[in-house]
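Notes follow once the structure below has been shown.
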Amino acid sequence: MKTGILRFPGSCDEVDAQLAAALVGDTVLLWHGDRDLQDVDAVIVPGGFSYGDYLRAGAIARFSPVMESVIEFAGDGGLVLGICNGFQVLCEAGLLPGALLPNANRRFTFRQVELEVVEGDTKFTSACPPGELLSIPAKHGSGRFYADEATLNQLEEDGQVVVRYRPEQNFNGSLRDIAGVRNAAGNVFGLMPHPEHAVDALTGSTDGLRIFESIRSAVEGAHV
Amino acid sequence: MRARVLVRPKQGILDPQGVAVERALPALGFKGVSDVRIGRLVELEIENPAELEAISSQLLANPLIEDFEIELLDDAAAA
């Protein structure tokens, strides 16, 4: 399996994402100005501050050449994972529902959160033990998930809410404690916390590795 | 043609910037200010003002969370 990690001007977590993805397969960094996805099996849109977060987080990055290819790749069923700024980019691009607003606590916040895996049978969470919480760091200033009531109800009914904050840890004010959602087809997933920062015991938790192992299973399952 | 696009958070959506400003005002001695909402003003020069609606909904504002208003300024008034 080969994972492509996008790199925009202002990305800062693409190398950690690459290190994490390298634990489950081959990797390649994809520059924002290139359209060639180099035959990858999965794409990660990483964290950071693409294009300086000008206008709105993710608003400019969605129009970059590489994103045109990613939108096409996703339309063909390719696996796309958006982390933090990557989640914001995927929402702005219309690949995921909703939007990420400035944190309700008015602060850039960095803390370890425990995520409840609401949907354990997705292509991104199949390796997560049922009922177990994932301990993963979150660090962002604009992570308040927002969608209108009708959309929120539909997301919950259709099993598109994949991970939630524990209510007492929902520091950013996300509606219904939503930390990550998937698209209707199930091949695009975005979340604010950073699984790629939780893959080595040295940094306290390896729970994030489950997300990358799940992607590998999905890709290798599809190749069988 | 000179134009302005005013982008503001939709009604009912919490605006943390507005809250921060509202809370700072009493410290300066200004009482009785409430419901502060902060948006963005985009000023631009445009050849084809008919494109402003698409420009605003596709990039300047995110219609899921923001409303926008377009204001055309005639050249004489802008000069």
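Where nothing but the Cβ of Lys and Arg (+1) and of Asp and Glu (-1) is charged, how large is the charge dipole of chain A around its Cα centre, in debye to the nearest 20? Working shown, then result.
Numbers: 17 positive and 30 negative charges, 142 e Å.
Dipole of chain A, to the nearest 20 debye: 680 debye.
Could you line up A:2, A:123, B:31 from fewest to most neighbouring Cβ atoms inside 10 Å? The partial results should precede the final answer.
Working: A:2 15, A:123 20, B:31 7.
Ordered by Cβ neighbours within 10 Å, fewest first: B:31, A:2, A:123.
State the answer as a single residue: which of B:58, B:68, B:33 lies farthest towards the positive end of the charge dipole of chain B, with beta carbon charges of +1 for Lys and Arg and -1 for Asp and Glu, about the Cα centre.
Of the listed residues, the answer is B:33.
Using only helices, what value at 222 nm comes out for the protein assembly as shown when you add -39,500 (n - 2.57) per DSSP H run of length 4 or more and divide by the total residues, to the nearest 500 deg cm²/dmol?
So the helix-based figure for the protein assembly as shown works out to -6500 deg cm²/dmol.
Among B:41, B:59, B:28, which one moves the most in a GNM of chain B with springs linking Cα atoms closer than 10 Å?
Answer for the Gaussian network model of chain B: B:28.
Within 10 Å of each Cβ in B:60-66, how many Cβ atoms from other chains are there, averaged over the peptide? Don't skip to the answer; put the middle values down first.
Values: counts 3, 3, 9, 1, 11, 10, 3.
Going residue by residue through B:60-66 and averaging, the value is 6.
Per-residue Cβ counts within 10 Å, from other chains only, averaged over A:124-130: what number is that?
Values: counts 0, 0, 0, 0, 0, 0, 0.
Taking all residues of A:124-130 together, the mean is 0.
Averaged over B:50-58, how many beta carbons belonging to a partner chain fall within 10 Å of each residue's beta carbon?
Working: counts 0, 0, 0, 0, 0, 0, 0, 0, 3.
Rounded to a whole number, the mean comes out at 0.
Quote the relative contact order of chain A in percent (integer), defining contacts as alpha-carbon pairs under 8 Å separated by 6+ residues. Don't skip to the end; give the middle numbers.
Details: 530 pairs, mean separation 46.9, N = 224.
The normalised contact order for chain A reaches 21 percent.
Taking only C-alpha pairs under 8 Å that are 6+ residues apart, what is the relative contact order of the range B:2-78 in percent? Please report the intermediate quantities before stating the final value.
Working: 96 pairs, mean separation 40.8, N = 77.
This gives 53 percent for the range B:2-78.
With a/c under 1.5 counting as rounded, go ahead and sort the range B:2-78 into rounded, prolate or oblate using the C-alpha gyration tensor (a ≥ b ≥ c being the square roots of the eigenvalues; past the cut-off, prolate if a/b is larger than b/c, else oblate).
Verdict is oblate for the range B:2-78.
For the residues B:33, A:188, B:5, what sequence is obtained by ranking on other C-beta atoms within 10 Å, fewest first?
On the way: B:33 12, A:188 28, B:5 20.
If I rank by nearby Cβ atoms, fewest first, I get B:33, B:5, A:188.
Looking at chain A, send over the antiparallel percent of its DSSP beta bridges, to the nearest 5.
Values: 22 of 39 bridges.
Of all bridge pairs located within chain A, approximately 55 percent are antiparallel.
How would you rank A:139-152, A:92-105, highest first, on the average number of other Cβ atoms within 10 Å across their residues? Don't skip to the answer; put the middle values down first.
On the way: A:139-152: 19.5, A:92-105: 21.4.
Ranking the peptides A:139-152, A:92-105 by packing returns A:92-105, A:139-152.
Only the coordinates and a few stated rules stand behind these numbers; no lab work does. What you see is a predicted model; the values in this text were computed from it and never measured. All Cβ positions, even for glycine, are placed from backbone atoms using ideal geometry, and neighbour counts span all protein chains on display.
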